[in-house]
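Participant: Here it is: the structure, laid out below.
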Amino acid sequence: MSTDTTRDRVLGLIASSGPITAASLARELGVTSAGVRRHLTALTDVGFITEHDQAGPVNRGRGRPSRSYVATNQGQHALASAYTGVAVDALAFMREHGGLEEFVEAKSAELEKTLAVSVPADGTLGERVDALSKALGEQGYATSVRPGPGGYTVQLCQGHCPVQSIAEAAPEWCEAEARAFSRILDVHVQRLSTLAGGAHVCTTTIPLAVAGTKEG
């Protein structure tokens, strides 16, 4: 396996699962800690990743706290397609001459139709969120599902978006995507952050149940 391929895998895993430590990266990728550290240094030097600043005190036991990493906007762009420049120009043209809203809604409907096939209508909401996350991964999104506070919500996280540059040029794209998630899951969802807005991950909060009635 080439160095570049391994480095791409390191960057991709940081984008999808960050904040993540060097030890976790080595374990997930099946490489040595020394090898991972070399890639982390190289990715940091080119500005593709950065250390994650955790809010508040963190107790990791003895010794110094383990460093964890997230992808920067520059790193996200490095994962994106080389053809996004043409797409961004096309969006700018449509914004100026008309048709942007119709285009975004049409592409959102296509994505919704593709994802909905993989989401079982008779599963629990938690199972359906997991299925949606997997379906997004098959479309090039690096996704994960994390529990929310109290167990009443989950967070659908997208550490990489294949259309990030497009979403930066047209924030309507993110809004349409969130509406598609809501229709697929048949529940109101809330976007907390987006890669296009400068965050290191897109985060969508999905309620599993109202307080006092946790989903079993």
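Participant: Expressed as a rounded percentage, what relative contact order does the range 74-216 have, with Cα pairs under 8 Å and six or more residues apart? Walk me through the intermediate numbers first.
Facilitator: On the way: 201 pairs, mean separation 35.4, N = 143.
Averaging sequence separation for qualifying contacts and normalising by length gives 25 percent for the range 74-216.
Participant: Separate question: Calculate one ³J(HN,Hα) per residue across the range 27-39 by plugging θ = phi - 60° into the Karplus curve 6.51 cos²θ - 1.76 cosθ + 1.60, and present them in order as whole Hz with x for glycine and proline.
Facilitator: 5, 5, 8, x, 10, 6, 4, 5, x, 4, 4, 4, 5
Participant: Name the long-range amide H neighbours of TYR69: under 5 Å, sequence gap of 5 or more, or other chain; modelled H, no Pro or chain starts.
Facilitator: So TYR69 has HN proximity to ILE20, THR21, HIS52.
Participant: Now for a different question. Which values of log₁₀ I(q)/I(0), to two decimal places, follow from the Debye formula for the range 139-215 at q = 0.14, 0.27 Å⁻¹ with a uniform point scatterer at every Cα?
Facilitator: At q = 0.14, 0.27 Å⁻¹ the computed log10 ratios are -0.45, -1.34.
Participant: 5 Å is the cut-off here: which amide hydrogens, built 1.01 Å from N in the peptide plane, fall below it relative to ALA199, excluding neighbours closer than 5 in sequence?
Facilitator: HN-HN under 5 Å from ALA199: THR194.
Participant: OK, next. No solvent, one uniform scatterer per C-alpha: report log10 I(q)/I(0) for the chain via the Debye equation at q = 0.10, 0.17 1/Å, two decimals.
Facilitator: -0.50, -1.24
Participant: With viscosity set to 1.002 mPa s and temperature to 20 °C, compute the Stokes-Einstein D of the range 114-173, Rh being the Kirkwood radius across alpha carbon pairs; µm²/s, no decimals.
Facilitator: Translational diffusion coefficient: 170 µm²/s.
Participant: Please give the length that would be gained between LEU125 and THR153 if that part of the chain were fully extended, namely 0.36 nm times their separation in residues minus their C-alpha to C-alpha distance (nm, one decimal). Present the calculation step by step, with values, prior to reporting the outcome.
Facilitator: Numbers: separation 28, 0.36 × 28 = 10.08 nm, distance 1.03 nm.
Roughly 9.1 nm would be gained on extension.
Participant: In addition: Between the range 1-43 and the range 99-160, how many Å separate their Cα centres?
Facilitator: Here the two parts' Cα centres lie 26 Å apart.
Participant: Per residue, what accessible area does the chain have, given a 1.4 Å probe and all protein chains present, in Å²? Don't skip to the answer; put the middle values down first.
Facilitator: On the way: 11750 Å² over 216 residues.
Result: 54 Å² of accessible area for each residue.
Participant: If amide H atoms are built 1.01 Å from N in the plane of the peptide, which residues on other chains or at least 5 residues away come under 5 Å of the amide H of HIS160?
Facilitator: ALA142
The values are calculated or read from the model by the stated rules, or taken from the named source; none is laboratory data. Not measured: the values here are computed from a predicted model. Note: areas computed on protein heavy atoms with side chains; ligands, DNA, RNA excluded. Shrake-Rupley method; radii C 1.70, N 1.55, O 1.52, S 1.80 Å.
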